[in-house]
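Asks: Input: one structure, supplied below.
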Amino acid sequence: MKRNGTKFVTTDRPDGQELREKGGPLAGARGYGAWIVSMGVAVVFLSPLLWMLAASLREEASIFQGGWLGADGWTLQNYADAWRRAALGRALLNSALQVLVIGGGGLLVNAMAAYAFARLEFRGREWLFAAVVMLIVLPVEVLAVPMFFTVRDLGLTGGYGAAMAGLTVPFLAKAFNIYFLRQHFLTVPAALEEAAVMDGAGPWRLFWNVALPSIKPALATVVVLDLLTHWGDFLWPLMIATREETRTVQLSLANLFTQPPVQWGDILACAVLATLPVMLFFRWFQRYVVATDARAGIK
């Protein structure tokens with residue numbers, strides 16, 4: 001359709017062909033150029049992971065040779081050796097239990113604290129929230145020593161159960177998670193809660209049945225951030241998990257660097273097995289993280 005020499009284009013067709021026709025060959029060239037640039041950037045960032053995966057499947061003598069992508073020298077023995085030497089099955093279970101307790105228990109603790117800061121009125125709320133926000137800037141390295149003495153005095157550095165409690169309890173409450181969830185609770189329309197109150201809902205029901213379902217993407221984002229942080233945590237497990245049966249996956253990986261013989265194929269295979277759960281988990285929750293970012297952009 002044309003009007004005063006101007007071509008109006010509709011977007012009824014699902015493939016968007018009309019939009020491409022409006023731009024002409026130049027728009028198509030720009031699209032292909034953007035695709036090529038995106039692929040190039042992706043290859044640059046993924047090349048270390050691709051090399052790690054390919055090298056983990058090579059024999060030790062072939063890893064650092066120029067023709068390491070040749071037809072010969074492929075093996076799965078590195079994975080079997082890494083699984084045995086690093087006790088990787090137990091280490092993966094310990095790390096999974098650690099992030100599960102921190103992600104699940106911490107989600108409840110942080111969400112309850114965030115909802116209290118967002119909706120409940122009590123004396124000193126603003127000052128207390130300001131103190132929580134200031135704690136965000138403190139890295140774990142600053143708090144590691146006093147936290148260790150506190151955990152040690154509580155007897156959380158001994159057996160398996162005590163060590164797992166020492167790995168998880170100090171990180172159930174997090175300043176950033178409280179701040180992040182509080183900001184999302186503030187976006188929940190007050191009309192929803194007022195309607196629930198008129199139906200007889202109390203504070204707990206408002207929190208559990210109204211507020212929490214309204215910020216599901218934010219909750220998923222907090223879980224993903226906790227997983228990424230604590231799955232790769234090294235300093236705190238090094239201080240707490242002093243026994244072999246309590247080692248996390250990162251400690252088991254580091255142990256391969258000092259346990260003779262140092263086999264790079266085993267180290268790379270262990271690194272692949274330690275990375276795979278994180279990638280799968282992030283892929284599973286990716287849509288929730290994107291939804292949180294999109295919602296923040298709209299606001």
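Asks: What residue, of Gln259, Gln250, Gln263, is over 25 Å from Val142 (Cα atoms), polar (S, T, N, Q) and at pLDDT 90 or above?
Replies: Only one candidate passes the filter, namely Gln263.
Asks: Further question on the same structure: Specify which of the listed residues (Val137, Val222, Val142) is in the same structural domain as Thr246 (by TED's automatic domain parsing) and under 18 Å from Val101 (Cβ atoms).
Replies: After applying the criteria, what remains is Val222.
Asks: Does the stretch 189-219 hold any residues that are in contact (Cβ under 8 Å) with a residue 60 or more places away in the chain and within 16 Å of Leu120 (Cα to Cα), and which are they?
Replies: Passing the criteria: Glu193, Pro203, Leu206, Phe207, Ala211, Leu212.
Asks: Could you tell me whether the stretch 24-39 includes any residue that is among the charged types (D, E, K, R), modelled with pLDDT under 55 and outside the structural domain of Val272 (by TED's automatic domain parsing)?
Replies: No, the stretch 24-39 contains no residue that is among the charged types (D, E, K, R), modelled with pLDDT under 55 and outside the structural domain of Val272 (by TED's automatic domain parsing).
Asks: Filter the stretch 60-75 down to residues that are at pLDDT 65 or above and in a loop (DSSP other than H, G, I, E, B) and give me whichever is farthest from Val262 (Cα to Cα).
Replies: It comes out as Asp72.
Asks: Test of understanding: among Leu93, Leu107, Leu100, which residue is part of a helix (DSSP H, G or I), in the same structural domain as His230 (by TED's automatic domain parsing), under 20 Å from His230 (Cα atoms) and in contact (Cβ under 8 Å) with a residue 40 or more places away in the chain?
Replies: Among Leu93, Leu107, Leu100, only Leu107 is part of a helix (DSSP H, G or I), in the same structural domain as His230 (by TED's automatic domain parsing), under 20 Å from His230 (Cα atoms) and in contact (Cβ under 8 Å) with a residue 40 or more places away in the chain.
Asks: Scan the stretch 254-286 for residues that are polar (S, T, N, Q) and in contact with a Phe, Trp or Tyr (Cβ under 7 Å, 6 or more places away or on another chain) and jot them down.
Replies: Once the filter is applied, which keeps residues that are polar (S, T, N, Q) and in contact with a Phe, Trp or Tyr (Cβ under 7 Å, 6 or more places away or on another chain), the stretch 254-286 yields nothing.
Asks: Is it the case, given these coordinates, that Arg123 is more than 20 Å from Trp231 (Cα to Cα), over 25 Å from the mean Cα position of the chain (by Cα) and among the basic types (Lys, Arg)?
Replies: yes
Asks: Testing Tyr288 on (1) at pLDDT below 85; (2) closer than 23 Å to Ser56 by Cβ; (3) touching a helix residue (DSSP H, G or I) at 6+ places or on another chain (Cβ under 6 Å); (4) not β-branched (Val, Ile, Thr), one condition comes back false. Which one is that?
Replies: Condition (2) is where Tyr288 drops out.
Asks: Just the residues that are touching a residue at least 40 places away in the same chain (Cβ under 8 Å) and part of a helix (DSSP H, G or I), please, taken from the stretch 150-168.
Replies: Val151, Tyr160, Ala163, Met164, Gly166, Leu167, Thr168 - these are the residues of the stretch 150-168 that are touching a residue at least 40 places away in the same chain (Cβ under 8 Å) and part of a helix (DSSP H, G or I).
Asks: Still on this structure: Please determine, by comparing only the residues of the stretch 205-237 that are among the β-branched types (Val, Ile, Thr) and part of a helix (DSSP H, G or I), which one is nearest to Phe281 (Cα to Cα).
Replies: Looking at residues that are among the β-branched types (Val, Ile, Thr) and part of a helix (DSSP H, G or I), I get Val224.
Asks: Step by step: first the residues of the stretch 174-204, then only those that are among the small types (Gly, Ala, Ser) and assigned to a helix (DSSP H, G or I), then the one that is surrounded by the most Cβ atoms within 10 Å (Cβ to Cβ). Which residue is that?
Replies: The qualifying residue surrounded by the most Cβ atoms within 10 Å (Cβ to Cβ) is Ala175.
Asks: Got a number for residues in the stretch 137-149 being at pLDDT below 90 and part of a helix (DSSP H, G or I)? Steps first, please.
Replies: Filtering the stretch 137-149 down to residues at pLDDT below 90 leaves 137-143.
Next cut, part of a helix (DSSP H, G or I) only: 137, 140-143.
Qualifying residue count for the region: 5.
Asks: Just to be sure before I move on: is Glu244 within 22 Å of Ser95 (Cα to Cα) and at pLDDT below 90 in the structure I sent? Lay out the reasoning, then the answer.
Replies: Working: within 22 Å of Ser95 (Cα to Cα): yes; at pLDDT below 90: yes.
Yes.
Asks: A follow-up question, please. Spot the failing condition for Ala54; the list is (1) surrounded by 16 or more Cβ atoms within 10 Å (Cβ to Cβ); (2) touching a Leu at 6+ places or on another chain (Cβ under 7 Å), and only one is missed.
Replies: (1)
The values are calculated or read from the model by the stated rules, or taken from the named source; none is laboratory data. What you see is a predicted model; the values in this text were computed from it and never measured. All Cβ positions, glycine included, derive from the backbone under ideal geometry; neighbour counts span all protein chains shown.
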